[in-house]
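Data first, discussion second: the structure below is written as structure tokens.
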Amino acid sequence: MKFLPLSEFDDVTRALNFDTPDCMVVGGCDLYTTKAASGDKKLYKNIEASLETQYESLLRLSASLSPPNASSAAMSLNLSRSSPFGPLSEHSSRRTYAYLIATLNASHPDYDFSHVLRPSDFRREKNLRRVMDTIDTTLFNLRPQLARDVTPPTPASSSPHMSATTHSWGPRMWRIIDNQMSLKECSIYCYSPDEDPYDGEEGTIWSLNYFFFNKVRKRVCYIYLRGISVLSQLPADGTATPVPGKRNVDDDGYVSHDTGARKRAKYWFGDGANDEMDEFSADEEERQPSQPARPVVDEYDNYILSDDDLRSQSGGSKPTVRALSEEIADSMEV
């Protein structure tokens, strides 16, 4: 994956990092192209091969069972080939899954998400508005004073001398993301494993992870948040423990290989991790861009809902806490 270091996305990331009386909120908004960095193509192939090996093992197990048990095993096998990305028997579904694993590894180089492959750790989100509300509500519950700030941007707030509130979470952040991702064209996935990899990290209280994948634009946007107890950051001398940075980026925009990345490469590829890779398959060739979707936020930082968004939202339960997007719903353009 190639990391795109855009200055506007730095503003979004700053809005996802702040302190509360109870916890430190550490987050980020990372933008990648699906253009393969060194080792990515082989990583994709190894992930696909591993998934296929898992399936073949289940087939052999099913064949060894007695007829009554074989019938129930056959049903499990059918389920094992389904996933939030589509049937895993299809190359495009396995490739989408591989993109998200590669994104996790790139954004969190201290973890290896490719070691245990469970597509069921992800779920498909079909309602963009609900995902936006979830993220908005989470942030405004932590910083409720921000929910009252619904004023449109002014020339002063757009000047180089920005105030601290410029980096507060709000519709402007969604507009920045939408400009690069065309959110209404994206497939959305939530990473919510039964065993959160952050649970073993001292002080982690909760985490939230969403992926926006635009197949046409060949981009993945990854939004993540993590709550860390302030008590875990205070050693005996009372000095806060700094949170380490998450990546180094080379001049060409690729995420550099730190120690964790080199270990992953050696695990998957052996000593030939830097060998020349095969060309992409035909489905990776350039596609003509489709007609741009309508934005999700207008020039006045109001959310814009389509008829489909409204219909899908009308049947759902109302959130217990009103998010900023609900506060300004009366002014939305439909």
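Coordinate-derived values only; no laboratory data. The structure presented is a predicted model; accordingly, all values stated were derived computationally and were not measured. Cβ placement follows ideal geometry from the backbone for every residue including glycine, while neighbour counts extend to all protein chains displayed.
You can think of it this way: the chain between residue 111 and residue 92 has 4.3 nm of extra reach, that is 0.36 nm per residue less the Cα-Cα gap. At an R0 of 25 angstrom, the distance between the Cβ atoms of residue 179 and residue 126 translates into a FRET efficiency of 0.65. Checked against a 22 Å cut-off, the cross-linked pairs 45/218; 45/126; 184/218; 2/42; 42/184 give Cα-Cα distances beyond that limit for 45/126; 42/184. Applying 0.36 nm per residue to the separation of residue 19 and residue 141 and subtracting their alpha-carbon distance, the gain on full extension is 42.6 nm.
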